[in-house]
Amino acid sequence: MSNTYKSAGVDKEEGYKTVDKIKKAVGETHNSNVLNHLGSFGAFYEIGGYKNPVLVSGTDGVGTKLKVALDTKKYDSIGIDCFAMCANDILCHGAKPLFFLDYLACGKLDSEIAAEIVLGMVNACKDNNCALIGGETAEMPGMYQPGDYDVAGFCVGIVEKDQIIDGSKIKTGNKIIALPSSGFHSNGFSLVRKVFPNFEEEFEGKPLYETLLVPTRLYYKDIHKVLEEVNVSGIAHITGGGLYENVPRIIPEGLCASIDESKIRIPSVMLELEKRGGVKREEMHGTFNMGVGMVIVVDAEHAEKVLHLLDDAYEIGEITEGAEKIDLKF
């Protein structure tokens, strides 16, 4: 009996099935700027209508949140997470997402699972006026165990050069406004899984995994609604490292983001993790978003308008002078 690629663990036919299952849906994310279709060696995207365009890119994955999805066989939200983690990053600079590419690796490909993950990306792309123009599926027996999947993405956006937001305009007296997260998003799940080993346990009347797998919130519409009306000084996407690591990334030297922790609306599942795991509050804020998915910094005179534009946004602090870039007051 001769050896084949399939006998070595790679089933090309399953890969073809995956493409067949996603091809039509992926095509629905394309617009007139996309010049070719799924299956080419490279994807072409034409840029027009900008005076001095700057491309802004971001790449990320889903981390060990995938373990929750794989163990509970719930795959529909993971693609949304992957897209959101990339697209939310480029929003911090005022960019609009143009196109997205994904990378899906596994030990043994199941076209149904792969298609479900990618279709989550498709739905997220549609919600953000973004084209899913390419991707790669890699079946890697020996590197991954059967049933294991990993997923990553790459997003490119665009912004006029004179409209780039980088935090350099932040000044004392600016207000810090929080946009709520939808939960843990895609960060801190190594600690989540340690404290909550049983994803099937009941939490607030439903299986815990339903709360854990709520997808990362997409902020495109909210951020650009504000940008159309208000001059924004800075935006921070609160991901791994929480407020402690992400807010200082946009704060100029000599200034401090003074945040009142008592104003932060912490989700009940995070409070439960804190209590059950005996995790100190400071460690919680250094690991999770604690209910704050994005932070917007604006002049005090514009704060009320932002709060009016975004129904669920709320103020958590202001910019002061200081040697430390963040002061989270407990």
Answer residue from region 313-323, given it is of a type outside the set (A, V, I, L, M) and surrounded by 12 or more Cβ atoms within 10 Å (Cβ to Cβ) and is farthest from residue 177 (Cα to Cα) among those:
322
Within region 108-119, count every residue that is crowded, with 22+ Cβ neighbours inside 10 Å and more than 15 Å from residue 20 (Cβ to Cβ).
1
Scan region 2-24 and report the pairs whose first residue is on the phi > 0 side of the Ramachandran plot and whose second residue is surrounded by 11 or more Cβ atoms within 10 Å (Cβ to Cβ) and of a type outside the set (Gly, Ala, Ser), with Cβ atoms within less than 6 Å and a gap of 6+ or a chain change.
9/141
Within region 32-49, the residues that are exposed (fewer than 11 other Cβ atoms within 10 Å of the Cβ) and either touching a helix residue (DSSP H, G or I) at 6+ places or on another chain (Cβ under 6 Å) or more than 13 Å from residue 98 (Cβ to Cβ) (or both) are 39, 41, 42
Filtering region 291-312 for residues that are in contact (Cβ under 8 Å) with a residue 24 or more places away in the chain and either open to solvent by 10 Å² or more (accessible area, probe 1.4 Å) or of a type in the set (S, T, N, Q) (or both) leaves a count of 7
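Per-residue answers, yes or no, for (1) among the aromatic types (Phe, Trp, Tyr); (2) in contact with a Ser or Thr (Cβ under 9 Å, 6 or more places away or on another chain):
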| position | (1), (2) |
| --- | --- |
| 151 | no, no |
| 157 | no, yes |
| 171 | no, yes |
| 203 | yes, yes |
| 232 | no, no |
| 237 | no, no |
Could you tell me how many of the residues in region 168-207 are within 21 Å of the chain's Cα centre (by Cα), aliphatic (A, V, I, L, M) and within 21 Å of residue 72 (Cβ to Cβ)?
2
Count - residues of region 174-196 that are open to solvent by less than 30 Å² (accessible area, probe 1.4 Å) and either under 18 Å from residue 215 (Cα atoms) or assigned to a loop (DSSP other than H, G, I, E, B) (or both):
13
Going through region 140-151 in order, the residues found to be open to solvent by 30 Å² or more (accessible area, probe 1.4 Å), in contact with a strand residue (DSSP E or B) (Cβ under 8 Å, 6 or more places away or on another chain) and assigned to a strand (DSSP E or B) are 144, 150
Quick one: in region 103-138, which of the residues that are part of a loop (DSSP other than H, G, I, E, B) and in contact with a helix residue (DSSP H, G or I) (Cβ under 8 Å, 6 or more places away or on another chain) is modelled with the highest pLDDT?
130
Which condition breaks for residue 170 when tested against (1) touching a helix residue (DSSP H, G or I) at 6+ places or on another chain (Cβ under 8 Å); (2) outside any loop (DSSP other than H, G, I, E, B); (3) not small (Gly, Ala, Ser)?
(2)
Could you tell me whether region 95-104 includes any residue that is of a type in the set (Lys, Arg) and in contact with a Ser or Thr (Cβ under 6 Å, 6 or more places away or on another chain)?
no
Can you pull out the residues in region 197-210 that are of a type outside the set (Phe, Trp, Tyr) and part of a loop (DSSP other than H, G, I, E, B)?
197, 198, 200, 201, 204, 205
Mind telling me which of the residues 9, 94 ends up being open to solvent by less than 70 Å² (accessible area, probe 1.4 Å), part of a loop (DSSP other than H, G, I, E, B), in contact with a strand residue (DSSP E or B) (Cβ under 9 Å, 6 or more places away or on another chain) and modelled with pLDDT of 90 or more?
94
Return yes or no: is residue 157 part of a strand (DSSP E or B), open to solvent by less than 30 Å² (accessible area, probe 1.4 Å) and closer than 20 Å to residue 79 by Cβ?
yes
Exception for residue 215 within (1) within 26 Å of residue 27 (Cα to Cα); (2) without any contact (Cβ under 8 Å) to a residue 60 or more places away in the chain; (3) outside any helix (DSSP H, G or I) falls at (2)
Candidates 73, 23, 17 - the one that is open to solvent by 60 Å² or more (accessible area, probe 1.4 Å) and closer than 15 Å to residue 131 by Cβ
23
Among the numbered criteria (1) open to solvent by less than 10 Å² (accessible area, probe 1.4 Å); (2) assigned to a helix (DSSP H, G or I), which single criterion is violated by residue 100?
(2)
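The values are calculated or read from the model by the stated rules, or taken from the named source; none is laboratory data. None of these values were measured; they are calculated from a predicted model. Ideal geometry is used to build each Cβ from the backbone, glycine not excepted, and the neighbour counts take in all protein chains shown. With ligands, DNA and RNA removed, areas are computed over all heavy atoms of the protein, side chains included. Shrake-Rupley method; radii C 1.70, N 1.55, O 1.52, S 1.80 Å.
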